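The structure appears below as structure tokens.
The values are calculated or read from the model by the stated rules, or taken from the named source; none is laboratory data. Owing to the predicted nature of the structure, the values given are computational and were not obtained by experimental measurement. All Cβ positions, glycine included, derive from the backbone under ideal geometry; neighbour counts span all protein chains shown. Each accessible area value is taken on the protein alone, full model and side chains, heavy atoms only, with ligands, DNA and RNA left out. Shrake-Rupley method; radii C 1.70, N 1.55, O 1.52, S 1.80 Å.
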Amino acid sequence: MTIEAVRTRESEQRRQSAVEALEILDTEPEDRFDRITRMAQQLFDVPMVSITLLDDERQWRKSHLGLTREAPRADSFCDLTVRTDAPVIIGDTIADERYRDNPFVAGDPHLRFYAGEPIHAPGGEAVGTLCVVDVQPRTLTAAELRLLRDLADWVQAELDRDEELDRTAVVQRALLPRRKPTAPGYDVAAACEPGERIAGDFYDWYDAEGGFHVTIGDVVGSGSPIAIIAASVRAALRSASAFADLVPAVAEASRMVEEELDRLAAYTSVFHARIDGDGRVRFVDAGHGLAFVVRRTGDIERLETSTLPLGIAGAERPERTVSLADGEGLLVISDAVFDALGGEAGLGVLQSRVRGSATAAGAVSRIVGAARDENGAAPVGDALAILVRRA
């Protein structure tokens with residue numbers, strides 16, 4: 001094998017690994033990509049447009065108009081665009097002896113015009129194309145060539161955004177607590193299924209002298225900023241709780257994210273509690289409103305809240321207290337779980353899941369499971385439940 005052949009094979013291996021790492025092959029159509037192909041078709045007045053990714057021996061189209069979902073890669077113009085990693089413009093395939101016998105020209109779809117721009121993975125590997133195609137010969141002006149590149153850059157930005165979300169999701173999962181509180185006499189567990197790759201809801205727990213803290217927060221928004229805010233609130237509450245009581249700790253967390261929340265027109269609700277060894281629970285509920293006590297009698301008691309979320313300057317957020325007897329549990333859920341179970345009408349489901357489970361882990365798993373729809377899909381939004389049960 002020649003040196004050039006070895007380099008070609010290694011380049012193809014890197015390209016294939018890059019396209020697989022995108023985790024987009026064989027996924028369902030998405031409007032964010034379909035919007036680009038629709039716009040390209042209108043702007044260039046062509047019957048066929050495609051956002052194409054090359055996968056081994058096939059062309060697979062994430063979004064397409066006038067073409068099939070996939071086609072052979074061999075002899076394709078998109079393969080040529082990727083291999084050269086440069087724009088490929090063929091004004092009239094019949095007039096060019098290099099292409100007139102191409103199977104996509106001589107046969108279906110009988111291409112006469114092709115214009116393709118390469119699309120790259122975040123690591124720089126050319127993995128696909130944005131192309132506009134016609135069955136009539138065409139020419140493109142310099143302005144149209146720039147427009148095609150701009151649309152390809154738009155596709156590129158969407159792929160880069162996916163990569164950013166994936167990285168953020170990995171970091172966010174790493175911030176979840178790994179060790180349970182060591183306070184004797186308590187069984188603590190949480191279950192979380194993000195509605196998207198990046199969760200707006202988060203939870204935390206950690207030991208404190210004579211007990212432990214539990215926190216649930218909900219950042220209302222989307223994308224990477226909510227992960228940053230969630231991490232900031234979590235860090236602020238952890239650090240402040242080491243030397244301050246509940247009310248000043250929550251106030252400090254609110255102060256830290258106030259400017260960011262205002263800029264993003266978002267807000268963050270928080271339930272922050274201190275659980276003592278004797279069953280006393282002191283808590284501040286800053287706009288969350290979905291904390292409950294499941295009593296030994298079978299009753300489920302919703303804890304009082306009348307305070308505002310974080311980020312609102314000057315808001316009063318008082319501390320309240322409730323006690324857990326042996327066998328009773330503190331349950332906090334996300335609004336997605338509450339809504340999926342039917343709101344107030346679903347409180348009986350929560351109560352039965354807690355009382356019917358031998359462990360806290362089993363209870364929260366069954367609660368999140370009950371919030372899925374009949375097809376097993378998670379509810380819209382982040383499905384989260386945390387249970388502190390006194391043994």
Result for the chain: accessible area per residue, probe 1.4 angstrom, in square angstrom, of 47
Within region 255-286, the residues whose backbone N lies under 15 Å from a label point placed 7 Å from the Cα of Glu304 along the Cα-to-Cβ direction are 282-286
FRET efficiency for Ala157 and Glu70 from the Cβ-Cβ distance with R0 = 25 Å, rounded to 0.05, comes out at 0.55
On the accessible surface of region 20-97, probed at 1.4 Å with all protein chains in place, carbon and sulfur together account for a percent value of 48
Computed, not fitted: 222 nm per-residue ellipticity of the chain from DSSP H runs ≥ 4 (each -39500 (n - 2.57)), nearest 500, equal to -11500 deg cm²/dmol
Note to self: C-alpha centroids of region 289-360 and region 95-153 sit apart, in Å, by 58
Listed residues Glu57, Glu70, Glu12; largest mean-square fluctuation, Gaussian network over the chain with Cα springs below 10 Å, found at Glu57
Among [x] 22, 46, 28, 4, 0; [y] 24, 52, 23, 1; [z] 24, 38, 26, 11, 0, the value of P(r) over Cα pairs in 20 Å bins from 0, in percent computed for this structure carries the label [z]
In degrees, nearest 10, the alpha-carbon axis of helix 142-174 is tilted away from the dominant principal axis of the alpha carbons of the chain by 30
Largest fluctuation, Asp245, Asp96, Asp207 only, Gaussian network model of the chain with Cα springs under 10 angstrom, belongs to Asp96
Computed on Cα atoms, the radius of gyration and Dmax of region 224-361 in angstrom are 15.9, 47
Helix 224-241: inclination vs the chain longest Cα principal axis, degrees, rounded to 10, gives 30
Rounded to one decimal in nm, the spacing of the 7 Å Cα→Cβ label points at Glu57 and Asp150 is 4.1
Comparing Glu304, Glu23, Glu97 in a Gaussian network model of the chain (Cα, 10 Å), the one with the largest mean-square fluctuation is Glu97
The FRET efficiency for Thr141 and Leu25, from their Cβ-Cβ distance with R0 = 35 Å and rounded to 0.05, is 0.55
Arg179 and Arg296 label points (each 7 Å along its Cα→Cβ direction) are spaced in nm at 3.2
